[in-house]
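Input: a single structure, listed below in structure tokens.
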Amino acid sequence: MQHSLLKGFYLRDLLIEPASGAVSGPNGNGHLPPKAVALLLYLAEQPFTLVERDELLEAVWGPGKGSQEALSHTISEIRNCLDDHPDDPKLIQTLPKRGYRLLEEPRPVGDVHSTQSINMTVTHDERSFLNTLMRRGVIQAGIAYGIFSWVIIQVVDSITPMLGLPAWIPPFIIYAAIGGMPIVLILAWLLEQSDGRWLVDRGKQSGKIISGLERNYLAILAGFSIALLGAAGYQVFVGFPVPTTTEIVTADEEVLLPVNVNSVAVLRFLNINNDPTAQVFSDGLGEDVLDRLARVPGLAVASRGDSWSLPDNASSDLVRKRLRVAYHLEGSVRLIGDDLRVVVQLIETATG
């Protein structure tokens with residue numbers, strides 16, 4: 001066994017101390033039981049080499065001792081402590097039914113070259129790009145700025161008509177909010193605010209959400225202020241487009257067609273008794289009157305479908321608006337015993 005590893009060694013940015021079983025790294029501390037330490041040391045003595053399962057059982061548990069289940073359980077303990085996933089291994093690779101392989105060269109503690117290599121590893125492998133953005137507070141600043149700008153836009157859009165502000169104010173704020181986003185992200189990446197001073201962000205802070213926001217809240221205000229100045233310059237020299245008001249014609253304001261003075265509509269005659277025989281007669285009478293009027297030269301007669309689509313007892317104003325006729329003919333049919341009474345009226349739609 002390499003005695004240098006017993007004093008402690010590094011796997012990537014993790015420090016393993018075999019004497020105590022302690023494991024420390026950027027994401028916190030952990031602990032390995034004795035069997036897990038012994039198994040990891042055996043793999044660390046021959047990195048990048050496949051070590052058979054039987055060889056590991058004999059070396060760690062002793063000849064004829066241990067079991068395949070105990071070996072698998074110990075490997076799982078090591079992986080959990082080192083935050084190494086079997087589906088995407090970075091440190092320990094499993095070769096099914098054969099054994100395991102350590103994928104990283106252990107670096108003994110106190111080795112100058114090892115320390116430099118560790119620093120380079122941490123620098124170049126900042127866990128992930130997402131973690132780097134969180135550590136610098138870029139993601140927190142972007143989310144907070146999005147909420148901040150949305151609230152500002154909603155408030156300005158609401159108070160502009162109430163206070164009679166110029167119509168270019170809402171688009172001015174919208175463009176300023178959009179332009180401020182990249183400025184905020186750049187400031188959050190490059191700088192941090194600490195004790196009232198702006199410092200160069202070296203990316204070594206905690207990646208917690210609140211801490212990232214506390215460091216960059218001034219970046220939000222500064223980015224929006226810079227964007228406002230830029231938008232103001234654009235407004236002075238170019239000008240933002242002002243939304244034009246489109247007049248919407250409502251039903252009441254609809255332009256109606258002119259009324260032909262020589263026009264008439266024959267409405268459906270009412271069946272006072274609701275007698276089926278009288279209904280047939282009244283409909284036939286209405287059809288016959290409409291047909292006779294349609295033959296009069298120079299007289300425009302509304303179609304039966306349009307005329308009879310109106311409700312019973314339709315007002316003259318409704319008839320004039322819907323059919324655009326100067327007159328309408330309406331009537332009723334009543335069956336009294338063997339007598340049939342028919343009433344017909346010609347009404348001017350303009351006066352009723």
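Cβ-to-Cβ counts within 10 Å put 162, 134 in ascending order as 162, 134, the fewest first. Legend: ranking of residues 35, 90, 97 from fewest to most surrounding C-beta atoms inside 10 Å; resulting order 97, 90, 35. Restriction of the trypsin sites (Lys or Arg not before Pro) in region 267-306 to DSSP coil positions whose beta-carbon has at most 16 other beta-carbons within 10 angstrom yields 295.
Most exposed first by the Cβ proxy, i.e. fewest other Cβ within 10 Å, how do 132, 74 rank?
Values: 132 15, 74 22.
Listing 132, 74 from fewest to most nearby Cβ atoms yields 132, 74.
Taking R0 as 25 Å, what's the FRET efficiency between residue 316 and residue 343 from their Cβ-Cβ distance, rounded to 0.05?
Numbers: r = 17 Å, r/R0 = 0.68.
Result of the calculation: an efficiency of 0.90.
Alpha carbon centre of region 77-108 versus region 1-39: separation in Å? Their Cα centres are 14 Å away from one another. Sorted on the mean count of surrounding Cβ atoms within 10 Å across their residues, most packed first, peptides 278-290, 307-319 read 278-290, 307-319.
Take peptides 346-352, 173-179 and line them up by average Cβ neighbours within 10 Å, highest first, as a rough protection proxy. Intermediate values should be presented prior to the final figure.
Details: 346-352: 12.6, 173-179: 19.0.
My ranking of the peptides, most packed first, is 173-179, 346-352.
Every number in this text was worked out from the coordinates using simple rules, so none of it is lab data. Everything numeric in this text was worked out from a predicted model, so none of it was measured. Glycine gets a Cβ as well: all are built from the backbone with ideal geometry, and neighbour counts include every protein chain shown.
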